[in-house]
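Have a look at the structure below before the remarks.
The values are calculated or read from the model by the stated rules, or taken from the named source; none is laboratory data. Bear in mind that the values here come from a model prediction, so they are computed numbers and not experimental data. Methodologically, a virtual Cβ is constructed for each residue, glycine included, from the backbone with ideal geometry; neighbour enumeration extends over all protein chains shown. Ligands, DNA and RNA are excluded from the accessible area calculation, which covers all protein heavy atoms including side chains. Shrake-Rupley method; radii C 1.70, N 1.55, O 1.52, S 1.80 Å.
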Amino acid sequence: MKKTAASKKSAAADRASTTEEAPATEKAPAAKKSAAAKKAATAKKAPAKKASAKKAAPLKRQAPAKKPAVVPKKATAAVKGVAPAKTVAPKPPRGESRTALVRRARRINRELAEVYPYAHPELDFENPFQLVVATVLSAQTTDLRVNQTTPALFAKYPTPEDLAAAVPEEVEEILRPTGFFRAKTKSIIGLSKALTEDFGGEVPGRLEDLVKLPGVGRKTAFVVLGNAFGRPGITVDTHFQRLVRRWRWTEETDPDKIEAAVGALFPKSDWTDLSHHVIWHGRRICHARKPACGACPVAPLCPAYGEGETDPEKAKKLLKYEKGGFPGQRLKPPQAYLDAGGKPAPPLGAG
Ligand code: SF4
């Protein structure tokens, strides 16, 4: 119920913001378009041909019978006023106005909110101290590995004071499975000392203080602010960077610039959940090497559709679920995972 209200709210916000932005942003492209149309006939024949040839390719592959079967009806139908998935063609990124980009970005986020309604940080923690330590440990390893390691760590060193006074070799032994365990030991002992000496043993709730802690960059700081303090933040990790580029939300490559560019497309209140949605999608469907385009709920809104496997059956085999089987206990099964009879497909590796 909450989610429905939230999505209505965000849809309303969309409308409000897009109407606000329309006059400023759409005028220029319209004027440019007509001028460019005249020029195009004379000067830029070759580039124009190239561009249209490029865009035509994914549409060809998009057999009319395939896509409706792939694209989840429910996810798109739940968004009021959105045309049926099969009628939405991938947007040419360069011809997209700022207003259209904002609307498409927010629609993608709404679709993902339907698919991952309980998206949350996948690191286990009980307080801000545990979250900041777990996030530092998650570098270059999986959240699952960190979750297997932190119970022993926090049982032995429950507070920053305890960890600040720890013998490094003993901490290294506990952290060994997470990789880079010497550097990580140094960071978490160092940050515990800083917390003890400079912040009274408490994790500070301000970005400028958090980034001063050893091993804590903006990404970690935003994870902590968003999830332990309820302060909106965008987490630009490797999944986030890859997906927002595929979606042509930005062409920036520097994480700070990506954060600023994507932040400008959404209201601040959406930032934390947006980060979870994007990261969950990157982990489960839109993988780095082989994105499962044929089983992707945002395929109709994605300019990179076709970069991965488009055959629905083959794409389904690429989906990744967390260990412990299909997340049915915590996650509503996305339509993309339903079989032809409308029943949830078995989790990967289940049979
Ligand atoms: S899986 Fe394919 S269609 Fe979906 S977001 Fe990734 S690149 Fe786009």
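Scan the range 89-148 for residues that are part of a helix (DSSP H, G or I) and among the aromatic types (Phe, Trp, Tyr) and the total you get is 1. The C-beta contact set for the range 292-320 (first residue modelled with pLDDT of 90 or more, second residue within 8 Å of the ligand (Cβ to nearest atom) and of a type in the set (D, E, K, R), distance under 7 angstrom, 6+ apart or interchain) comprises Cys293/Glu307; Cys302/Arg246; Ala304/Arg246; Glu307/Arg246.
Only one of Val224, Val244, Val278 is more than 11 Å from the chain's Cα centre (by Cα) and open to solvent by less than 10 Å² (accessible area, probe 1.4 Å). Can you tell me which? I'd like the intermediate steps shown before the answer.
On the way: Val244 fails: more than 11 Å from the chain's Cα centre (by Cα); Val278 fails: more than 11 Å from the chain's Cα centre (by Cα).
The match here is Val224.
Could you name every one of the helices (runs of 4 or more DSSP H) located completely within the range 159-278 that has at least 3 residues being within 16 Å of the ligand (Cβ to nearest atom)? Steps first, please.
Values: elements: 160-164, 168-175, 181-198, 207-210, 218-228, 238-246, 255-263.
Counting at least 3 such residues, we get 238-246.
Condition check for Ala194 on (1) outside the structural domain of Asp162 (by TED's automatic domain parsing); (2) under 21 Å from Thr150 (Cβ atoms): one failure, at (1). Among the numbered conditions (1) near the ligand (Cβ under 10 Å from one of its atoms); (2) modelled with pLDDT of 85 or more; (3) more than 18 Å from His239 (Cα to Cα), tell me where Ala336 comes up short. Ala336 satisfies every listed condition except (2).
Restricting the first residue to the range 200-211 and requiring it to be on the phi < 0 side of the Ramachandran plot and surrounded by fewer than 16 Cβ atoms within 10 Å (Cβ to Cβ), which pairs with a second residue that is at pLDDT 95 or above and of a type outside the set (Val, Ile, Thr) meet a Cβ separation below 6 Å and a spacing of at least six or different chains? Matching pairs, first to second residue: none at all.
Residues in the range 228-241 that are open to solvent by less than 40 Å² (accessible area, probe 1.4 Å) and in contact (Cβ under 8 Å) with a residue 60 or more places away in the chain: Ala228 alone.
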